[in-house]
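Novice: Mind having a look at this structure? Questions to follow.
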Amino acid sequence: MKRSFFYFAWREMVRSANLQKNIATKGVLLFLILYFSLVALAMGLNLHQYLEEKFPDQSLVTAFNALIFVYIGFEFVMRIMVQALPTVGFQPFLILPVKRKRIARYMLNKSVLHFFNLLPLLLLIPFTFKAAVKELDTTSLVAWLVSLYLMVLVNHFLAIYVKWRTNESTAVFYGFLGLAAGVFAIDYFEVFDITGTFGRFFDLVVAHPVLVLVFPVLIVVLYYLNRTYLLNRFFIDELSQKKTKASTHDFSWLHQVGDYGKMLSLEVKMIIRNKRPRNSAILSVLFILYGLLLYKENDGQVPEFMYVFGGMFMTGIFGMTYGQFFPAWHSRYYSFLMAQNVQMKQMLQSAFFLIAATNVVFYLLSLGYMFISPKVLYIHLVVMLYNIGVNSFVIFALGLTSRKAIDLDRGSMFNYQGMGASQWLIAFPILFGPLAVYGLIYLILGSTGAFIVLGSIGLVGIILHPKLISYFSREYRKRKHKMLAAYKAT
Amino acid sequence: MIKVENLQKAYSGTLVLDLPELEIPQGEVFGLVGNNGAGKTTFFSLILDLIRASKGRVFINDIPVAKSEEWKNFTGAYIDETFTIGYLTPDEYFAFIGELRGMNDNDVNAFLSAFAEFFNDEVIGKKKYIRTLSRGNQKKVGVVGALMGNPELMVLDEPFANLDPSSQFKLRKIIKDISSAQGKSFLISSHDLDNITDVCTRIVILEKGKIMKDVPKTERTLAELEEFFTGETRESQFYDEL
């Protein structure tokens with residue numbers, strides 16, 4: 001019976017729609033896993049050299065311990081954002097003669113099998129052999145190593161518990177956010193040296209190996225907290241998402257833009273009321289800060305090329321994140337739209353308007369960077385024109401190959417559901433298209449000429465947009481059956 | 001109203017629907033019955049141009065559905081849950097369809113007030129997204145949405161499924177009222193023989209994609225249908241005939 005639970009889990013994994021992601025997605029996931037593994041491994045192998053240079057008069061283990069809190073804190077944030085809660089798939093078992101305690105235990109045990117719990121070992125083991133072996137005797141070494149790994153598991157169960165709690169109520173979520181900010185502030189402004197104290201505890205473990213027992217106790221406590229939480233909420237309506245009252249802001253003012261206004265207001269509601277598009281939209285707004293990173297170096301004495309790149313990102317990011325899944329955002333009710341009294345043209349017009357409007361808004365916001373360099377005014381402008389006039393249609397062209405439905409309710413962080421090759425590829429023409437145009441013309445005509453050409457191409461696209469939209473609505477209608485069938489199948 | 005010419009749909013070589021000829025005149029309430037996999041939903045999806053026919057054509061009011069989008073102006077449909085939008089409230093959903101169908105707020109409210117009894121105070125004015133409604137209420141929203149804007153033709157796939165007995169009864173009355181008072185056409189499929197014989201004026205039995213029976217409704221239709229699907233003749237008929 002014990003075995004059969006894992007049997008179900010295995011089937012669930014192998015047969016899940018997620019695993020039928022295409023090769024490109026698998027490749028990228030694999031790449032990310034390999035990348036982070038290699039980074040951890042490289043850090044593990046080289047950390048002792050770095051620490052020796054930085055803290056020549058300290059023991060390496062002590063210096064290492066002083067950094068643990070930073071790692072654990074970072075890992076905790078990553079876990080909260082990325083790690084999935086082990087909830088799915090328990091419903092069919094609830095009415096079967098299986099003890100709820102066993103289901104809960106199984107769910108928690110299974111959650112331990114996670115990449116995040118493997119990653120620290122890649123860092124820890126090389127460091128142990130490179131540095132710690134030389135400094136510690138066997139007992140201390142084992143105690144130190146065990147305590148570090150158990151700390152990772154403490155983090156694991158703590159993150160799950162916090163995530164459950166914050167999922168349940170918005171108040172707890174903001175409370176937790178405040179607490180985290182508080183801890184960070186206390187440490188950052190040196191009110192109290194949390195990082196140091198945390199590290200010194202591991203120094204103590206080295207000195208008194210018995211102290212390692214603190215960690216199993218912590219894990220057991222957290223494990224039981226999680227288990228009690230699960231057991232108290234083993235009802236299908238309670239382990240799911242938090243319940244919120246529907247907001248009914250109507251956006252009817254959007255109707256004024258024309259006969260596609262009704263599609264546009266639907267589009268805006270879709271973005272605001274669903275987790276995944278909302279996450280993407282919020283991320284796009286945050287992206288406006290990218291310029292601080294990109295332009296700050298050398299007081300704005302960065303090459304013009306960088307401004308083209310930055311403008312590209314900052315004005316066009318929404319178009320990119322939204323366009324990546326156009327028109328699959330509407331996949332769950334695409335058949336309704338196709339049978340209703342909406343013309344394909346109106347759908348495309350509303351999408352075009354949305355992309356153009358966000359571009360203009362983000363352009364205006366990005367003008368703040370004129371404090372760094374006044375060039376932003378015209379460089380971002382031509383890039384924005386290009387984004388609207390050319391990249392919108394690149395998005396429409398790639399949208400023709402959309403074949404995967406999107407689940408609107410899941411977060412967008414590391415969510416590869418609905419990703420196909422074209423979703424990965426979209427970045428290339430959109431980002432590198434204008435850069436290539438700029439680069440080529442720059443070589444021929446110089447900087448001013450390049451900007452004029454870039455802006456003019458964009459303007460031509462904007463002027464021709466009714467024609468282009470008509471063309472694309474014909475193409476979308478031609479592929480309508482394929483899209484409908486594919487959305488149904490995913 | 002609807003004309004089907006030589007319509008065929010095949011999936012990887014297997015023919016799932018084969019209708020050499022079928023005409024549905026204006027004002028008819030056309031009932032489609034058949035076991036699972038008979039091709040009912042396939043047929044409806046072909047009429048709405050949601051799937052591509054392997055062969056043949058469908059016309060609504062002489063408009064070829066695969067060629068033009070004009071038929072959408074006077075056709076309402078509810079096939080499955082993909083016809084509702086989960087993140088809208090029912091009120092917003094109706095307002096959205098109303099806009100698409102050229103109705104103003106007053107028209108929409110007047111239209112919906114006729115369904116107050118059907119909705120049983122559980123749908124309108126509640127601040128709940130459609131995705132959080134019960135299955136039955138979701139179906140009510142979708143079906144009523146399909147009736148909006150005075151369409152000439154309404155295509156409803158299994159409108160009675162998931163509804164409670166009183167709602168089924170009310171829906172029967174709604175469909176009969178609309179068809180008799182306004183001469184509108186309906187295409188309805190159902191597994192419930194009782195409901196379908198009550199509302200329809202013509203009944204077609206579909207099996208493995210082919211029409212097995214095509215009859216106007218009479219007194220005996222329900223008994224005939226039951227015979228067809230159970231393979232048994234009812235005892236009572238013997239006495240009825242005496």
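The values are calculated or read from the model by the stated rules, or taken from the named source; none is laboratory data. What you see is a predicted model, and the numbers here were worked out from it, not measured in a lab. Cβ sites come from the backbone with ideal geometry, for glycine too, and all protein chains shown count toward neighbours.
Novice: Within 14 Å of chain A (Cβ to nearest Cβ), surrounded by 19 or more Cβ atoms within 10 Å (Cβ to Cβ) and modelled with pLDDT of 90 or more: is that true of B:PHE44 in this structure?
Specialist: Working: within 14 Å of chain A (Cβ to nearest Cβ): yes; surrounded by 19 or more Cβ atoms within 10 Å (Cβ to Cβ): yes; modelled with pLDDT of 90 or more: yes.
When the stated conditions are applied, B:PHE44 passes them.
Novice: Another question, then. Only one of A:PHE76, A:PHE69 is over 21 Å from A:LEU204 (Cα atoms) and of a type in the set (Phe, Trp, Tyr); which? If you could, list the steps in order and put the result at the bottom.
Specialist: Working: A:PHE69 fails: over 21 Å from A:LEU204 (Cα atoms).
Residue meeting the stated conditions: A:PHE76.
Novice: Going through the range A:329-341 one residue at a time, which ones are within 20 Å of B:ILE51 (Cβ to Cβ) and part of a helix (DSSP H, G or I)?
Specialist: A:HIS330, A:SER331, A:ARG332, A:TYR333, A:TYR334, A:SER335, A:PHE336, A:LEU337, A:MET338, A:ALA339
Novice: Which is under 24 Å from B:ILE47 (Cα atoms) and away from every other protein chain (no Cβ under 14 Å), of B:LYS170, B:LYS140?
Specialist: Working: B:LYS170 fails: under 24 Å from B:ILE47 (Cα atoms).
Testing whether each residue is under 24 Å from B:ILE47 (Cα atoms) and away from every other protein chain (no Cβ under 14 Å) leaves just B:LYS140.
Novice: For the range B:62-140, please list each of the helices (runs of 4 or more DSSP H) lying entirely inside it that holds at least 1 residues being of a type in the set (Phe, Trp, Tyr), closer than 17 Å to A:VAL342 by Cβ and touching a residue at least 24 places away in the same chain (Cβ under 8 Å). Explain how you work it out, then say what you get.
Specialist: Values: elements: B:90-100, B:105-113, B:116-119.
Here the list reads B:90-100.
Novice: Does the range B:20-42 hold any residues that are over 15 Å from B:HIS191 (Cβ atoms) and either touching a Phe, Trp or Tyr at 6+ places or on another chain (Cβ under 7 Å) or not in a strand (DSSP E or B) (or both), and which are they? Spell out how you get there, then give the answer.
Specialist: Residues of the range B:20-42 that are over 15 Å from B:HIS191 (Cβ atoms), as a first pass: B:20-30, B:42.
Hits for the range B:20-42 are B:ILE24, B:PRO25, B:GLN26, B:GLY27, B:GLU28, B:VAL29, B:PHE30, B:THR42.
Novice: Another question, then. For residues in the range A:475-487 being surrounded by fewer than 17 Cβ atoms within 10 Å (Cβ to Cβ) and without any contact (Cβ under 8 Å) to a residue 12 or more places away in the chain, which is nearest to the other protein chains (Cβ to nearest Cβ)?
Specialist: Here the residue is A:ALA485.
A quick yes/no check of all residues on (1) among the hydrophobic types (A, V, I, L, M, F, W, C); (2) at pLDDT below 90; (3) in contact with a helix residue (DSSP H, G or I) (Cβ under 7 Å, 6 or more places away or on another chain):
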residue: B:ASP157; (1), (2), (3): no, no, yes
residue: B:SER189; (1), (2), (3): no, no, yes
residue: B:LEU193; (1), (2), (3): yes, yes, yes
residue: B:THR218; (1), (2), (3): no, yes, no
residue: B:GLY231; (1), (2), (3): no, yes, no
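Novice: Looking at this structure, is B:LEU156 more than 18 Å from B:ILE85 (Cα to Cα), in contact (Cβ under 8 Å) with a residue 24 or more places away in the chain and within 17 Å of the chain's Cα centre (by Cα)? Spell out the reasoning first.
Specialist: Values: more than 18 Å from B:ILE85 (Cα to Cα): no; in contact (Cβ under 8 Å) with a residue 24 or more places away in the chain: yes; within 17 Å of the chain's Cα centre (by Cα): yes.
For B:LEU156, the condition - more than 18 Å from B:ILE85 (Cα to Cα), in contact (Cβ under 8 Å) with a residue 24 or more places away in the chain and within 17 Å of the chain's Cα centre (by Cα) - is not met.
Novice: Being over 17 Å from A:ILE33 (Cβ atoms) and surrounded by fewer than 16 Cβ atoms within 10 Å (Cβ to Cβ) is the filter here; which residues of the range A:106-124 pass it?
Specialist: Hits for the range A:106-124 are A:ASN109, A:LYS110, A:VAL112.
To keep it simple, each residue is scored yes or no on (1) hydroxyl-bearing (Ser, Thr, Tyr); (2) at the interface with chain A (Cβ under 10 Å from one of its Cβ atoms).
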{"site": "B:LYS3", "(1), (2)": "no, no"}
{"site": "B:THR14", "(1), (2)": "yes, no"}
{"site": "B:LEU17", "(1), (2)": "no, no"}
{"site": "B:ASN35", "(1), (2)": "no, no"}
{"site": "B:GLY39", "(1), (2)": "no, no"}
{"site": "B:PHE59", "(1), (2)": "no, no"}
{"site": "B:ASN73", "(1), (2)": "no, yes"}
{"site": "B:TYR87", "(1), (2)": "yes, yes"}
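Novice: Of everything in the range A:159-201, what is of a type outside the set (Val, Ile, Thr), assigned to a helix (DSSP H, G or I) and within 22 Å of A:TYR224 (Cα to Cα)? Give them in sequence order. Outline the logic, then answer.
Specialist: Start the filter on the range A:159-201 by keeping residues that are of a type outside the set (Val, Ile, Thr), which leaves A:159, A:161, A:163-165, A:167-169, A:171, A:173-182, A:184-185, A:187-190, A:192-193, A:196, A:198-201.
Still in the running and assigned to a helix (DSSP H, G or I): A:159, A:161, A:163-165, A:167-168, A:171, A:173-182, A:184-185, A:187-188, A:196, A:198-201.
Within the range A:159-201, A:ALA159, A:TYR161, A:LYS163, A:TRP164, A:ARG165, A:ASN167, A:GLU168, A:PHE173, A:PHE176 qualify.
Novice: Conditions first: (1) within 25 Å of A:HIS208 (Cα to Cα); (2) at pLDDT below 85; (3) surrounded by fewer than 18 Cβ atoms within 10 Å (Cβ to Cβ). A:VAL146 passes all but one, so which condition is the exception?
Specialist: Status for A:VAL146: all satisfied but (2).
Novice: Between a residue in the range B:166-177 that is in a helix (DSSP H, G or I) and modelled with pLDDT under 95 and any residue that is of a type in the set (D, E, K, R) and buried (at least 16 other Cβ atoms within 10 Å of the Cβ), which pairs come within a Cβ distance under 6 Å, given they are 6 or more apart or on different chains?
Specialist: Qualifying pairs under 6 Å: B:ARG172/B:ASP198.
Novice: Just to be sure I understand, how many residues within the range B:8-46 are more than 18 Å from B:PHE160 (Cα to Cα) and without any contact (Cβ under 8 Å) to a residue 12 or more places away in the chain?
Specialist: 4
Novice: Considering only residues that are within 14 Å of B:GLY149 (Cβ to Cβ) and of a type in the set (D, E, K, R), which ones fall in the range B:106-133?
Specialist: B:ASP107
Novice: Moving on. Mind checking whether some residue in the range A:312-328 is within 14 Å of chain B (Cβ to nearest Cβ), closer than 19 Å to A:SER280 by Cβ and part of a helix (DSSP H, G or I)?
Specialist: Scanning the range A:312-328, I find at least one residue that is within 14 Å of chain B (Cβ to nearest Cβ), closer than 19 Å to A:SER280 by Cβ and part of a helix (DSSP H, G or I), so the answer is yes.
Novice: What is the number of the single condition among (1) under 19 Å from the mean Cα position of the chain (by Cα); (2) in a helix (DSSP H, G or I) that B:PHE59 does not meet?
Specialist: (2)
Novice: Just a yes or no: is a residue in the range B:93-101 more than 21 Å from B:THR41 (Cβ to Cβ), more than 11 Å from chain A (Cβ to nearest Cβ), crowded, with 16+ Cβ neighbours inside 10 Å and among the hydrophobic types (A, V, I, L, M, F, W, C)? Reasoning before the result, please.
Specialist: The initial filter retains those residues of the range B:93-101 that are more than 21 Å from B:THR41 (Cβ to Cβ), namely B:93-101.
Among the residues that remain, those that are also more than 11 Å from chain A (Cβ to nearest Cβ) are: B:94.
Now restrict to residues that are crowded, with 16+ Cβ neighbours inside 10 Å: B:94.
Then drop every residue that is not among the hydrophobic types (A, V, I, L, M, F, W, C), which leaves B:94.
Yes, the range B:93-101 contains at least one residue that is more than 21 Å from B:THR41 (Cβ to Cβ), more than 11 Å from chain A (Cβ to nearest Cβ), crowded, with 16+ Cβ neighbours inside 10 Å and among the hydrophobic types (A, V, I, L, M, F, W, C).
Novice: Which of (1) small (Gly, Ala, Ser); (2) within 11 Å of chain A (Cβ to nearest Cβ); (3) closer than 20 Å to B:GLY142 by Cα does B:ALA110 not meet, given it meets every other one?
Specialist: (2)
Novice: Residue by residue through the range A:329-362, note down the ones that are facing chain B (nearest Cβ under 7 Å) and of a type in the set (A, V, I, L, M, F, W, C).
Specialist: A:PHE336, A:MET338, A:ALA339, A:VAL342
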